[in-house]
Amino acid sequence: MKRHSIALLPGDGIGLEVVPAARRVLEKAASIHHAGLAFEEYDWGSDHYFRHGAMMPLDALERLRQHDAILLGAVGHPDVPDHITLNGMLLPIRRGFDLYANVRPAFLYQGVASPLKGHEPGSIDMVVIRENTEGEYANIGGFLYHHLPGEVAVQTSLFTRQGCDRIIRFAFDLARRRNGKRRVTSVTKSNAQGYGMVLWDRVFREVAADYPDISTESLLVDAAAMNFVRRPASFDVVVASNLFGDILSDLSAIVTGSIGLAPSANLDPRRLAPSLFEPVHGSAPDIAGRGLANPLGTILAAAMMMEHLGEAACASSIEEAVRAVLADGTVLPADLGGKASTAEVTEAVLEAIR
């Protein structure tokens, strides 16, 4: 039996509640399917920042590299500026390990109501593939005349042919593997951003020529946002830049019921470094510590992690348990219209694992 080493990064806010919940689910599923798991937890995040002036220690990447995968809860604290929390922890891991493929599925489960009318369970089934290491989040730029009346801030987006090519090919390869519509939608804003986005569009057309069995469409981001609401069931695999993928994946989560259900994976498809798995929701400080957090996004992210590690049976049992709890409808968290606590939802999933 292969033993997988998992780094746990609960982080901030409700991350401290949902990661332990996901660990319990992982442990039960692993025991049933004979998957060996070893966990090591790191107390990095905003509390670490308050103590040491940094979100993580200097050797954080070296310590994480020894693991097979990383499960992260949430990063963010009301007393720490968001650009410090994000650039102090999550983005350095993504860039340091070149986790260039961010995968965010959105599925309308039975028992979950979409805020949009007329959509049956399973009718919305899409995956947003977000370029994860460059684009608008490359964080290139600076300030001039800092804190003076004439202050200037320059923020530069970075698009490379290699970066565009590899994420777009990843999206096409996924469309071939999924039991979906075999369609890839590219999202840009090349009418207004005439360099980086034009390069993206050109690479998309070139890559699409290598996949004649996959249909394509290209949308400007404003049209894509409109169509995520107007015709969400028409989408299969959506590939977008760092910023646009970030925004659209949150929208896809909402049209399938709640951002609390949304998992994500930050992948190194070459498997040279540990990939990172996390829920899409943030640290939610307004409900942190109250037992109200929805653990299902983190539990589904844990299922994605097990799939990535080659433990398909374990992953399937976790997802089927979540499906069963949602379809039953008697133990649901507040964001899905129920009254169940984090612990009660977790116990229901544990009971449903077979």
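Derivation of every value follows stated rules applied to the coordinates shown; laboratory data play no part. Values in this document were obtained by computation on a predicted structure and should not be read as measured data. We place every Cβ from the backbone using ideal geometry, glycine too, and count neighbours over all the protein chains shown.
Structure summary
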{"read-out": "Taking the chain and dividing mean pair separation by its residue count, relative contact order in percent (alpha carbons under 8 Å, at least six apart)", "value": "23"}
{"read-out": "Segment 125-255: relative contact order as a whole-number percent, Cα under 8 Å and 6+ apart", "value": "38"}
{"read-out": "Euclidean distance between Cα centres, segment 119-147 to segment 236-312, Å", "value": "13"}
{"read-out": "Modelled FRET efficiency - R0 35 Å, ARG177 with ASN87, Cβ distances, 0.05 increments", "value": "0.60"}
{"read-out": "Rg/Rh ratio calculated on Cα atoms of segment 182-332 (Kirkwood radius)", "value": "1.01"}
{"read-out": "Label-point separation, VAL198 to ARG231 (7 Å along Cα→Cβ), nm", "value": "2.9"}
{"read-out": "Mean separation of Cα contacts under 8 Å (6+ apart) over length of segment 134-200, as relative contact order %", "value": "27"}
{"read-out": "Extreme residue, positive dipole direction of the chain, given options ASN191, ALA253, ALA7 (C-beta unit charges)", "value": "ASN191"}
{"read-out": "Fewest-first sequence of PHE170, PHE143, PHE204 by Cβ atoms within 10 Å of each Cβ", "value": "PHE143, PHE170, PHE204"}
{"read-out": "GNM result for the chain, Cα springs below 10 Å: residue of GLY337, GLY163, GLY45 fluctuating most strongly", "value": "GLY337"}
{"read-out": "Rounded FRET efficiency, nearest 0.05, which uses the C-beta distance separating ASP79 from HIS147 and R0 of 25 Å", "value": "0.75"}
{"read-out": "Pairwise FRET efficiency - GLU27 versus LYS339, Cβ, R0 = 30 Å, nearest 0.05", "value": "0.65"}
{"read-out": "Ranked TYR137, TYR109, criterion: other C-beta atoms within 10 Å, fewest first", "value": "TYR109, TYR137"}
{"read-out": "Cβ-based net charge around ASP268, under 14 Å, with every Lys or Arg adding one and every Asp or Glu removing one", "value": "+3"}
{"read-out": "Computed lengthening from ALA312 to PHE50, 0.36 nm per intervening residue step minus Cα-Cα distance", "value": "90.3 nm"}
{"read-out": "Net charge of neighbours whose Cβ lies under 12 Å from the Cβ of THR346, counting Lys and Arg as +1 and Asp and Glu as -1", "value": "-2"}
